[in-house]
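The values are calculated or read from the model by the stated rules, or taken from the named source; none is laboratory data. Here the structure is a predicted model, which means the values were calculated and not measured. Cβ placement follows ideal geometry from the backbone for every residue including glycine, while neighbour counts extend to all protein chains displayed.
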Amino acid sequence: MSSTSSKILRDGELSAVTPMAWRSTGTAPPAPRPVRAPAVDAGPSADQDEVKKEAYQRGFSEGRNVGHEQAVAEIAPMMDRLSRSLADLATVRSHVRKTAESDLLKLAIAVARRVIHRELTLDPGSIEGLIRVALEKLESRELCRVRVHPDQEPIIRTLLARFSAAPVELIPDPTLQSGDVLFETAHGTLDGSIEAQLQEIERGFADRIGR
């Protein structure tokens, strides 16, 4: 077992000491790793804002289109019913107008009938207009005989003598009403009575109303 002794050097002996050279290992100490500063959030970029804006506009437009289509789909049946109602109303209005005009015409004819018959009762000579109109319709056709109500035979005989070029057989017919006059010719019978004249007038007005 060896022992190591130590020796204390004095001041004069320090100059004789040879310094020890340390051998270098050739490896430099590692450089300190740079510390990266934490990234600072600079907020959304302009591109992100544009994307969001486009997405919003697209969503708004799509929503508006969908809402419009839904509204049209809901309103369409109501508009169809309204259109049919208006068409029905126009038809009813036209029908009511024609019915009212037809009723008014019938009322006018009824009033005229009563007035004429009353006039014939008060003034038998007022039948002269009917006789003249009937003879004008006959034109050149040969008149064989005339049938009238017995109460009007005298006035009719006088009128025939005035307007007819040839003698005409006059036959009182109790089956006829006052104002009825039937003109018999070789080609048929012409009804020149008041009722026939009124019916002809009524048909003429009815045709005009129906147009």
(message) I'm checking my understanding of the structure. Among residues of the range 176-211 that are in contact with a His (Cβ under 9 Å, 6 or more places away or on another chain) and over 30 Å from residue 99 (Cβ atoms), which one is modelled with the lowest pLDDT?
(response) 178
(message) Please verify whether residue 205 is without any contact (Cβ under 8 Å) to a residue 60 or more places away in the chain and either of a type in the set (Gly, Ala, Ser) or surrounded by 15 or more Cβ atoms within 10 Å (Cβ to Cβ) (or both), treating the condition exactly as stated.
(response) no
(request) Take residue 152 and decide whether it is within 27 Å of residue 112 (Cβ to Cβ), part of a loop (DSSP other than H, G, I, E, B) and either within 60 Å of the chain's Cα centre (by Cα) or touching a residue at least 24 places away in the same chain (Cβ under 8 Å) (or both). (result) no
(request) Confirm whether residue 196 is in a helix (DSSP H, G or I) and loosely packed, with under 14 Cβ neighbours inside 10 Å. (result) no
(request) Would you check which residues across the range 102-152 are touching a Phe, Trp or Tyr at 6+ places or on another chain (Cβ under 7 Å) and under 30 Å from residue 208 (Cβ atoms) and list them? (result) 105, 131, 132, 134, 135, 138
(message) Among (1) in a helix (DSSP H, G or I); (2) in contact with a Pro (Cβ under 9 Å, 6 or more places away or on another chain); (3) buried (at least 18 other Cβ atoms within 10 Å of the Cβ), there is one condition residue 147 misses while meeting the rest; what is its number?
(response) (1)
(request) Return yes when residue 118 is within 29 Å of residue 101 (Cβ to Cβ) and part of a helix (DSSP H, G or I) and no when it is not. (result) yes
(request) Identify the residue in the range 133-144 that is in a loop (DSSP other than H, G, I, E, B) and without any contact (Cβ under 8 Å) to a residue 12 or more places away in the chain and, among all such residues, is surrounded by the fewest Cβ atoms within 10 Å (Cβ to Cβ). (result) 140
(request) Please work out which residue is surrounded by the most Cβ atoms within 10 Å (Cβ to Cβ), limiting yourself to the range 182-193 and to residues that are in contact with a Cys (Cβ under 9 Å, 6 or more places away or on another chain) and in a strand (DSSP E or B). (result) 183
(request) For the range 91-111, indicate whether the set of residues that are surrounded by 10 or more Cβ atoms within 10 Å (Cβ to Cβ), outside any helix (DSSP H, G or I) and either at pLDDT below 70 or β-branched (Val, Ile, Thr) (or both) is non-empty. (result) no
(message) Residue under question is residue 128, and the condition is that it be within 60 Å of the chain's Cα centre (by Cα), surrounded by fewer than 14 Cβ atoms within 10 Å (Cβ to Cβ) and assigned to a helix (DSSP H, G or I); does it hold?
(response) no
(request) Collect the residues in the range 159-181 that are of a type outside the set (A, V, I, L, M, F, W, C) and either assigned to a loop (DSSP other than H, G, I, E, B) or in contact with a Leu (Cβ under 8 Å, 6 or more places away or on another chain) (or both), keeping them in residue-number order. (result) 164, 167, 173, 174, 175, 177, 178, 179, 180
